[in-house]
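The values are calculated or read from the model by the stated rules, or taken from the named source; none is laboratory data. Not measured: the values here are computed from a predicted model. When we count neighbours, we look across all protein chains shown, and the Cβ atoms used for this are built from the backbone with ideal geometry, even at glycine.
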Amino acid sequence: MEKTATLARELNIREMTLHMGPSHPAMHGTIRMFLELDGETVVSSDVEIGYLHRGFEKTCENRTYHQAIIYTDRLNYVSPLINNFGYAMAVEKLFGVDVPERCKYIRVIMSEICRITDHLTNVGASAMELGAITAFLYMIKAREMLWKLIEEVAGGRGVTPSYVRIGGVKDDLPEGFQGRTLEAFKVTREVLQEIHGLLTKNRIFVDRTKGVGAITADEAMSYGFTGPCLRSTGVAYDVRKAQPYMVYDKMNFEVPVGTNGDNYDRYLVRMEEIQQSMRICEQALFSMPPGPIKIDDPRITFPSKKDVYGKMESLINHFKLFMNGHGIMPPKGEVYQAVEGANGELGFYVISDGSGRPYRLRCRPPCFMIMSGVSRLVNGGMVADIVPTFGSVNMIGGECDR
Amino acid sequence: MEESLTLKKLRERFPASIIDTHSFRGDDTAVVKRVDVVDICRFLKESPDLSYNFLMDLTAVDYLQMNNPPKTERFEVVYHLYSIKYNHRVRIKAPLTEADPTIDSLTPLWAVANWLERECWDMFGIRFDGHPDLKRILLYEQFEGHPLRKDYPLTGRQPLIGPKN
């Protein structure tokens, strides 16, 4: 012991401060971590966010309710439709209106496709950061097929679909969508099987993830974790089950939970959630009723383009909704609407003063809460373990920094 | 409309500090005096028949330009709590004056309050007493002003900063 102390003095060993990121491949360019290191062990750490802050809330408070939709796309840009729907549902809740049944089914299907793409990206990218580039490429292959589906429906690929309208959706699903979705799911299922073969029992992957970045259920709740990060600790909280919105109460699905709350459990929970999401999608596709896709209320929804160019009343209605100071005006009040985003509870808190602009629009980003606990996850571990831990919590800069 | 159990219990336990309650669109809301926020949250969290174990969200609102109807206090800090056990949400709001936008910190109750309160300070300039490290989180240290206040201009530039030594 004494010898070690002498050696330490002679070698001038001391704790080292290291800045990891923002230009570090694993930090996505949006995070800086200040690490206090003893050798390779992280003694303490501090996470700095805000590199992707673009004033989402301030911008939306100075736009009309419809103009805010495109900004919600850019929150969690890996599953933008869920943000779209969450925001639209908050405004619909302000109005106190309910969208038609078919619209709810479409929203469920598109949300779940987005959730799958999000989980595929996350699992693929975090495996890639551990060296498994094959897994990443396989998953991107499946994601590509799903993004093509989103492109067919919304017109925008992946990041910027802006598919929702307040009180409905932009368009109905295209012809043959059901068949192509089932085809894409077939590929996704094959990919998942391959990924299970590549990763789940892979010695290197298991060694790098099992027991790394673990957190207990109580701590996770104190840090406000939701989504896969909370469920991996064994708490089966899912907004879709707890407070069903749209038509999730009619769907048959399970909420997978882990036990240890470590990176490996987060990986397994996500893999299982992809399966469950496909299950929901298939049920919804087969049980979808025909009918309108938006509310029939000229004060809330836009007339269809065909009518705008063909009927005078619709043209006037269109102008009225788009003119400054004449847009949709929800009644005075405040609501909080939560949906299950890919990373956890995504909430929108909207205050209306009765005018055409939200007086206050607050987004509860699931990533922000999870990032507040990342210091706790990495402290005491090795520097190299930061990479899988940070990868598995799925930090999305657009959502975390807004 | 009948008041929910949470609001009833709050009224019973803290008759003097509840200013108002309402349930617009099913969202239970209690407006409370700022001095009692920590006590109320502790009660909501620890009482076994409520057990609000999640601090889902913490934010603020600047009512400077609200004229429908105008508010007497400029700021309001808004807490969204959620109880996993009873699957229930409640919103707690605490009005603050412009002259003294200070409120007690919830960091002893929830770890996530640390970052949420930092964001609130960053965006609204609301100070949280008892916060271990109240500094900006999304913006940088040299930033001037608090952008989500309604009197913060939409256009304009902040002074450029050089690299830190």
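Restricting to the stretch B:107-129, name every residue that is at the interface with chain A (Cβ under 8 Å from one of its Cβ atoms) and either of a type in the set (Phe, Trp, Tyr) or part of a loop (DSSP other than H, G, I, E, B) (or both).
Hits for the stretch B:107-129 are B:Trp110, B:Ala111, B:Val112, B:Trp115.
Does A:Val235 meet the test of being part of a loop (DSSP other than H, G, I, E, B), surrounded by 20 or more Cβ atoms within 10 Å (Cβ to Cβ), within 14 Å of chain B (Cβ to nearest Cβ) and out of contact with any strand residue (DSSP E or B) (no Cβ under 7 Å at 6 or more places or on another chain)?
Numbers: part of a loop (DSSP other than H, G, I, E, B): yes; surrounded by 20 or more Cβ atoms within 10 Å (Cβ to Cβ): yes; within 14 Å of chain B (Cβ to nearest Cβ): yes; out of contact with any strand residue (DSSP E or B) (no Cβ under 7 Å at 6 or more places or on another chain): yes.
Yes, satisfied.
Which numbered condition in (1) surrounded by 20 or more Cβ atoms within 10 Å (Cβ to Cβ); (2) of a type in the set (Val, Ile, Thr); (3) part of a helix (DSSP H, G or I) is the only one that A:Val206 fails?
Result: A:Val206 passes all but (1).
Inspect the stretch B:84-92 for any residue being farther than 18 Å from A:Val350 by Cβ, more than 9 Å from every other protein chain (Cβ to nearest Cβ) and not aromatic (Phe, Trp, Tyr) and give the result as yes or no. Steps first, please.
So the first thing to find is which residues in the stretch B:84-92 are farther than 18 Å from A:Val350 by Cβ, and the list is B:84-88.
Narrowing further to those that are more than 9 Å from every other protein chain (Cβ to nearest Cβ): B:85-86, B:88.
Right, trim to not aromatic (Phe, Trp, Tyr) and you get B:85, B:88.
For the stretch B:84-92, residues farther than 18 Å from A:Val350 by Cβ, more than 9 Å from every other protein chain (Cβ to nearest Cβ) and not aromatic (Phe, Trp, Tyr): present.
Among (1) under 25 Å from A:Met382 (Cβ atoms); (2) modelled with pLDDT of 90 or more; (3) hydrophobic (A, V, I, L, M, F, W, C); (4) part of a helix (DSSP H, G or I), there is one condition A:Phe225 misses while meeting the rest; what is its number?
Just one mismatch for A:Phe225, condition (4).
Under the condition of being out of contact with any helix residue (DSSP H, G or I) (no Cβ under 8 Å at 6 or more places or on another chain) and facing chain B (nearest Cβ under 7 Å), which residue from the stretch A:346-367 is modelled with the lowest pLDDT? It would help to see each step written out before you state the result.
The first filter runs over the stretch A:346-367 and keeps only residues out of contact with any helix residue (DSSP H, G or I) (no Cβ under 8 Å at 6 or more places or on another chain), leaving A:351, A:353-356, A:364.
Pick out the ones that are also facing chain B (nearest Cβ under 7 Å) and you get A:351, A:353-354, A:364.
Working: A:Ile351: 92, A:Asp353: 88, A:Gly354: 84, A:Arg364: 91.
Looking at the filtered set, the residue picked out is A:Gly354.
Which condition number in (1) assigned to a strand (DSSP E or B); (2) on the phi > 0 side of the Ramachandran plot is the one that B:Ile19 fails?
(2)
So, A:Lys148, is that one free of Cβ contacts under 8 Å to residues at least 24 places away in the same chain, of a type in the set (Lys, Arg), assigned to a helix (DSSP H, G or I) and farther than 15 Å from A:Ser392 by Cα or not? If you could, list the steps in order and put the result at the bottom.
On the way: free of Cβ contacts under 8 Å to residues at least 24 places away in the same chain: no; of a type in the set (Lys, Arg): yes; assigned to a helix (DSSP H, G or I): yes; farther than 15 Å from A:Ser392 by Cα: yes.
The answer is no for A:Lys148.
From the list B:Lys33, B:Lys93, which one is over 27 Å from A:Ala220 (Cα atoms), out of contact with any helix residue (DSSP H, G or I) (no Cβ under 6 Å at 6 or more places or on another chain) and touching a residue at least 12 places away in the same chain (Cβ under 8 Å)?
On the way: B:Lys93 fails: over 27 Å from A:Ala220 (Cα atoms).
From the options B:Lys33, B:Lys93, the qualifying one is B:Lys33.
Does A:Gly39 count as under 22 Å from the mean Cα position of the chain (by Cα), surrounded by fewer than 18 Cβ atoms within 10 Å (Cβ to Cβ), modelled with pLDDT under 90 and farther than 30 Å from A:Val350 by Cβ?
Numbers: under 22 Å from the mean Cα position of the chain (by Cα): no; surrounded by fewer than 18 Cβ atoms within 10 Å (Cβ to Cβ): yes; modelled with pLDDT under 90: yes; farther than 30 Å from A:Val350 by Cβ: yes.
No, not satisfied.
Among the residues of the stretch B:44-68, which ones are in a strand (DSSP E or B) and under 14 Å from B:Ala111 (Cα atoms)? Even if it seems obvious, please write down each step before you answer.
So the first thing to find is which residues in the stretch B:44-68 are in a strand (DSSP E or B), and the list is B:54-62.
B:Phe54, B:Leu55, B:Met56, B:Asp57, B:Leu58 - these are the residues of the stretch B:44-68 that are in a strand (DSSP E or B) and under 14 Å from B:Ala111 (Cα atoms).
Picking from A:Asp218, A:Asp265, which residue would you name as being part of a helix (DSSP H, G or I) and away from chain B (no Cβ under 14 Å)?
On the way: A:Asp218 fails: away from chain B (no Cβ under 14 Å).
Selected residue: A:Asp265, the only one of A:Asp218, A:Asp265 that is part of a helix (DSSP H, G or I) and away from chain B (no Cβ under 14 Å).
Go through the stretch A:334-345 residue by residue and tally those that are more than 9 Å from chain B (Cβ to nearest Cβ) and either without any contact (Cβ under 8 Å) to a residue 24 or more places away in the chain or touching a Leu at 6+ places or on another chain (Cβ under 8 Å) (or both).
3
Just wondering, is there one or more residues in the stretch A:324-333 that are over 25 Å from A:Lys170 (Cβ atoms) and in contact with a Lys or Arg (Cβ under 6 Å, 6 or more places away or on another chain)?
no
Would you call B:Tyr79 surrounded by fewer than 22 Cβ atoms within 10 Å (Cβ to Cβ) and more than 8 Å from every other protein chain (Cβ to nearest Cβ)?
Spelling it out, it is not the case that B:Tyr79 is surrounded by fewer than 22 Cβ atoms within 10 Å (Cβ to Cβ) and more than 8 Å from every other protein chain (Cβ to nearest Cβ).
Which of the residues that make up the stretch A:166-182 are touching a residue at least 12 places away in the same chain (Cβ under 8 Å) and in a helix (DSSP H, G or I)?
Residues satisfying the conditions are A:Phe177, A:Gln178, A:Arg180, A:Thr181, A:Leu182.
Going through A:Gly86, A:Gly29, A:Gly21, A:Gly50 one at a time, which residue ends up being at positive phi, within 21 Å of the chain's Cα centre (by Cα) and either crowded, with 19+ Cβ neighbours inside 10 Å or modelled with pLDDT of 90 or more (or both)? It would help to see each step written out before you state the result.
Values: A:Gly86 fails: at positive phi; A:Gly29 fails: either crowded, with 19+ Cβ neighbours inside 10 Å or modelled with pLDDT of 90 or more (or both); A:Gly21 fails: within 21 Å of the chain's Cα centre (by Cα).
Only one candidate passes the filter, namely A:Gly50.
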